[in-house]
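Here's the structure, in structure tokens; my notes come after.
Any read-out appearing in this document is the output of simple, stated calculations on the displayed coordinates, not a laboratory observation. All values reported here derive from a predicted model rather than from experimental measurement. Please note: Cβ atoms are built from the backbone with ideal geometry, for glycine as well, and neighbour counts cover all protein chains shown.
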2 protein chains.
Amino acid sequence: MTSPALDESAPDTSTLVEQRDRAAADYATLVGRGLKLDLTRGKPSSAQLDLSNDLLALPGAGHAVVDGTDTRNYGGLLGLTGLRELFSAALQVPTAQLLAADNASLAVMHDCLVHAQLSVLPGAQRRWADEPKVKFLCPVPGYDRHFALCERFGIEMIQVPMTEDGPDMDVVERLVAADPAVKGIWCVPKYSNPDGVVYSDETARRLAAMPTAAPDFRIFWDNAYAVHHLTDEEVRIADLLALCAEHGNPDRAFVFGSTSKITFAGSGVSFFGSSEANVAWYLKNTAMRTIGPDKVNQLRHLMFLRDEDGLREHMRRHRELLRPKFDAVDRILTEQLDGTGLASWSKPRGGYFVSLDVPAGCAKEVVRRAAEAGIALTPAGATHPHGQDPEDRTIRIGPTFPDLADVELAMAGLATCVRLVGYERLLGEGAR
Amino acid sequence: MTSPALDESAPDTSTLVEQRDRAAADYATLVGRGLKLDLTRGKPSSAQLDLSNDLLALPGAGHAVVDGTDTRNYGGLLGLTGLRELFSAALQVPTAQLLAADNASLAVMHDCLVHAQLSVLPGAQRRWADEPKVKFLCPVPGYDRHFALCERFGIEMIQVPMTEDGPDMDVVERLVAADPAVKGIWCVPKYSNPDGVVYSDETARRLAAMPTAAPDFRIFWDNAYAVHHLTDEEVRIADLLALCAEHGNPDRAFVFGSTSKITFAGSGVSFFGSSEANVAWYLKNTAMRTIGPDKVNQLRHLMFLRDEDGLREHMRRHRELLRPKFDAVDRILTEQLDGTGLASWSKPRGGYFVSLDVPAGCAKEVVRRAAEAGIALTPAGATHPHGQDPEDRTIRIGPTFPDLADVELAMAGLATCVRLVGYERLLGEGAR
């Protein structure tokens, strides 16, 4: 995916006027239809949730004790061993270093930041609350909720451009080597949000091996889409935790995962994996907050997913529902925008999003026009820290929640908006 | 309950020696039995958990949408309306100001402290993180996990003695009026942990009305045992939230509750109630951490408990299981220690604990001797900040988890330890 750049010299004005007029007519028709469609967030559809409906009656009467643990009672801060075993391979974390928690991996990330503020991390000289400044590297485009956590904790965000192989590692290595205030980096290493990038093995190796000025630098490795394939290829990424240990930085990686997009988005199980020292640090601090996670829900998940084959089979059923929607996004964007020079977009092999790049300065206007036509999109800029995309270029498309017909309608409408705003801009119109 | 004070002049030495020898013989027999009993924590028993086993198969296949909300998906940060309605009366919070959250009210309290550190509370001049010092009043004896949260957030704890009507309000009023660093007080207003005290209406009124030097003073009202009656009397406490509003301090109360000791201790639902302004503040901050609580579990609870009558009936079944254990505690302590001058204890009308006071300087030794005899007790001192009971007097008894026969065995053993340590001390022996 290379970003489109308006070549203002190319088409002659009368052609442009014609194209703009056609787009404007299409847009008027679109507005007239009074659509109400939503491509904003990465929510599973009802049909996807139905795949896990067996959970609604599990674990079933009389099934509450497993391996001598009464899941109904207090305790068990590590989570249910069987479920940790089941997700160990997918998340590339040894069971002993993998914790199963409650329904939101975002909460685990949040709490890691709380704990780092208040309790000295393994290898750290002091608590982050006592640092004059804490900075995080934020590969862009990225995930708005990661950025919101940085804002929440007063962490300064430094943007790093993404490449086809993950964040630009030359930039990353330079920044972490130079500044001890740089304490972390956000990574969605597989099918990244929103551009579907898969980190190369070399990117992972360099992340694990690079010298950092901060002794307590942490990689927030949000492996949210570990098993969320859209193609026959089950993409593998490098084992970051092992690489960090190999390169003498065993405590560098925090691994996060969840079943939010495997079972029920609101009622899944989240995971935290790291080195033994980090896990002990996390447990010690989390023990202040809770006596244990919802183990009955973990048992429910274990009984439902069963084992790695069960998980793989289940994700295949998700793929059957998702693949046609992602295909529709690509097909409609290709039909309507290919060759216009007005757009480029990602073709993800997994995950939940398509990233659409429009000419610089046009993203906000496209989103505004789409909203006027009843098509809700994630706010332009959400893919960047503080909601500010400096080039105003990137739009995140979440096609999972609406049904296929609505995805098609919404994408055709969105393409119309891109044409309208793009041609207006080429004609020097419509700037706001 | 008045504390025992050794009257060293009373019995003559030969009587004491005889009593000490009898206690020592009983203790030797006790140790010889090789017991392994646990009265440490307020955990429900398996039989209590069985009362809620219907939850294990709820909500049941095909039951996931309620009032148009798909409980399986993301969202719904306030929690399920029906469940909030159901608990509104018990927790004395209007539904609109009551949130249903995940499985641990401790986590909600923790997060309130995180949020207060990082985000200016309604009425506050600055974040607590920017205060030179934050102090909380801690009525003693109290709950160790409350005190641990204060330690966690660097909050200085000031002990306030408990009376039969709640914390000594003369002391409380003086402290909060004098020092703007005093930002909060921990309260378990009904069947308090560990001494079973019920706050009087006058205590609640004074808490609501008292002038505080801190504009952002908060009452952490942990109504953990709101419906956990042990007698026919369903004890009512004053409506703190309403009283605070009446007295012009609408934002003063944070109300916490949970079903941990109603349904499953590890898989229940917690609640947070407060003023509209506080609830908005809490939601805004919690939205950074999670997209919503486990609504399927909330639906499960709503279907199981049904309504206020269902809740009342369910709690009656708990009482049938718990009452014999609390009766046994009182009966055995009375049989073995009444009239000895060595002990006094609470006779709670609800809740999960009995508080046993032994002569000053003896609690640690009693707990140590009990442990040697295979009877695990909450560490002496746990009822006080930093685990330090300045008088080394209070022992918390949690009789809910073991079965009745074990409670009887453990209590008889504990009484033996109290006699042994008490008489040794009267004879000037056994000090360590």
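Tabulated values for the structure
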read-out	value
Residues satisfying the stated conditions in segment B:256-268, i.e. out of contact with any Pro (no Cβ under 8 Å at 6 or more places or on another chain) and either aliphatic (A, V, I, L, M) or free of Cβ contacts under 8 Å to residues at least 12 places away in the same chain (or both)	B:I262
Those residues of segment A:117-135 which are touching a strand residue (DSSP E or B) at 6+ places or on another chain (Cβ under 8 Å) and hydrophobic (A, V, I, L, M, F, W, C), in sequence order	A:L121, A:W128, A:V134
Test: residue in segment B:409-425 that is outside any helix (DSSP H, G or I) and either touching a residue at least 12 places away in the same chain (Cβ under 8 Å) or surrounded by fewer than 23 Cβ atoms within 10 Å (Cβ to Cβ) (or both)	no
Hits in segment B:26-41 (condition: more than 9 Å from chain A (Cβ to nearest Cβ) and surrounded by 14 or more Cβ atoms within 10 Å (Cβ to Cβ))	B:D26, B:Y27, B:L30, B:V31, B:L35, B:L37, B:D38, B:L39, B:T40
Scope segment B:122-148; condition in a helix (DSSP H, G or I) and surrounded by fewer than 17 Cβ atoms within 10 Å (Cβ to Cβ); matching residues	B:A129, B:D130
Number of the condition not met by B:T71 [criteria: (1) surrounded by fewer than 23 Cβ atoms within 10 Å (Cβ to Cβ); (2) closer than 27 Å to A:T263 by Cβ; (3) within 14 Å of another protein chain (Cβ to nearest Cβ)]	(1)
Enumeration of residues in segment B:282-334 that are touching a Phe, Trp or Tyr at 6+ places or on another chain (Cβ under 9 Å), within 25 Å of B:T400 (Cβ to Cβ) and in a loop (DSSP other than H, G, I, E, B)	none
Those residues of segment B:55-68 which are in contact (Cβ under 8 Å) with a residue 24 or more places away in the chain and more than 7 Å from every other protein chain (Cβ to nearest Cβ), in sequence order	B:L55, B:L58, B:V66
Residue satisfying condition, being closer than 22 Å to B:V140 by Cβ, assigned to a helix (DSSP H, G or I) and away from chain A (no Cβ under 14 Å), within set B:V366, B:V279	B:V366
The one condition in (1) touching a helix residue (DSSP H, G or I) at 6+ places or on another chain (Cβ under 9 Å); (2) at positive phi that A:L56 fails to fulfil	(2)
Some residue of segment A:237-255 being surrounded by 20 or more Cβ atoms within 10 Å (Cβ to Cβ), touching a residue at least 60 places away in the same chain (Cβ under 8 Å) and in a strand (DSSP E or B)	yes
Residue check, B:P379 surrounded by fewer than 21 Cβ atoms within 10 Å (Cβ to Cβ) and touching a Gly at 6+ places or on another chain (Cβ under 7 Å)	yes
